[in-house]
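Asks: Okay, here's the structure, questions in a sec.
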Amino acid sequence: QVQLVQSGTEMKKPGASVKVSCKASGYDFTVYHMHWVRQAPGQGLEWMGRINPNSDDTNYAQTFQGRVTMTRDTSINTVYMELSRLRSDDTAVYYCAKGGPIRFLEWLSPFDYWGQGTLVTVSS
Amino acid sequence: QSVLTQPPSASGTPGQRVTISCSGSSSNIGIKTVNWYQHLPGTAPKVLIYGDNQRPSGVPDRFSGSKSGTSASLAISGLQSEDEADYYCATWDDSLNGWVFGGGTKLTVL
């Protein structure tokens, strides 16, 4: 069965960087896009961007351009999301979510499996 | 301020039918399909509806989706206490070249 397992809780100081991992299993890792979505306390879901695990191609939300980097390691079926220059309003639960097949139009497929979420707290 | 507009809250009594709206524009809902997610506190979001009105296997037929023009709706019939959750619409936005979510609607079962 499909599983996405994320790394654990992080506590960071303003200005620092955080790197969250998401290990996939139960499907062909290089066939499907992987997305990152976050939810700040009391706020809604916010799409951060996605990576094509096959080509390493990325598409970042404009809000995060210049601060976010998504990478992958196909040898261990894991994607990473690194957010730099952290601010207090980056405090949130960060989710990875499996998207649709890479060969399909990107907008056709929902996020059908999600990781358990990783809490990142940014505080001095 | 979300690109997609949802009412912040909705409510109903057990057995009732409730609808949640999602308003967008010609660069998103008007030209792309809409997905709906259910999010229970402390859990990962779950897709309820995709492609405007398709239900993944395992989602009860009490949940249905529709779309007209630049707006979409999620309907829940036969409301149950376990339906109490946050609901989000989502779609692709051509102007932003990315996915956008609604602000979410908190459904309370009275």
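Asks: Near B:K106, which lysines are there with a Cα under 20 Å away, not counting those fewer than 8 places off in the same chain?
Replies: B:K46
Asks: Taking loop as defined by DSSP and a crowding limit of 16 other beta carbons within 10 Å, which chymotrypsin sites (Phe, Trp or Tyr not before Pro) in region A:19-72 fit?
Replies: A:Y27
Asks: Could you give me the ³J(HN,Hα) list for region A:97-110, computed from phi with Karplus coefficients 6.51, -1.76, 1.60 and θ = phi - 60°, whole Hz, x at Gly and Pro?
Replies: So the J values, rounded to whole Hz, are 8, 6, x, x, x, 4, 6, 8, 4, 4, 7, 7, 10, x.
Asks: Within straight cross-link reach of A:K23, meaning Cα distance under 19 Å, which aspartates and glutamates are found once same-chain residues fewer than 8 apart are removed?
Replies: Once the sequence-local aspartates and glutamates are set aside, what remains near A:K23 is A:E10, A:D56, A:D57, A:D73, A:E82, A:D112.
Asks: Average projected area of the Cα convex hull of chain B, in nm²? Write down the numbers at each step before the final one.
Replies: Working: hull surface 26.0 nm².
Result: a mean projected hull area of 6.5 nm².
Asks: Then there's this: Could you name the lysines in cross-link range of A:K19, using Cα to Cα under 22 Å and dropping any fewer than eight places away on the same chain?
Replies: Within reach: A:K98.
Asks: Enumerate by residue number the trypsin sites (Lys or Arg not before Pro) in region A:1-93 meeting two conditions: DSSP loop (anything except H, G, I, E, B), and at most 14 other Cβ atoms within 10 Å of the site's Cβ.
Replies: A:R85, A:R87
Asks: Now for a separate question. What number comes out for the charge environment of A:V2, summing +1 per Lys or Arg and -1 per Asp or Glu over other residues with Cβ under 10 Å away?
Replies: 0
Asks: Please express the shape of region A:8-97 as an equivalent ellipsoid: the semi-axes are the square roots of 5 times the eigenvalues of the C-alpha gyration tensor, given largest first in whole angstrom.
Replies: Here the semi-axes work out to 23, 13, 13 Å.
Asks: Each residue of region B:11-23 in turn: what ³J(HN,Hα) in whole Hz from Karplus with 6.51, -1.76, 1.60 and θ = phi - 60°, glycine and Pro shown as x?
Replies: With the stated coefficients, region B:11-23 comes to 8, x, 9, x, x, 6, 10, 10, 10, 10, 9, 8, 9 Hz.
Each reported figure results from applying straightforward, stated rules to the coordinates on display, with no laboratory input. Fair warning: this is a prediction, and the values are worked out from it, not measured in the lab. Neighbour counts are summed over all protein chains in view; Cβ atoms, including those assigned to glycine, are modelled from backbone coordinates with ideal geometry.
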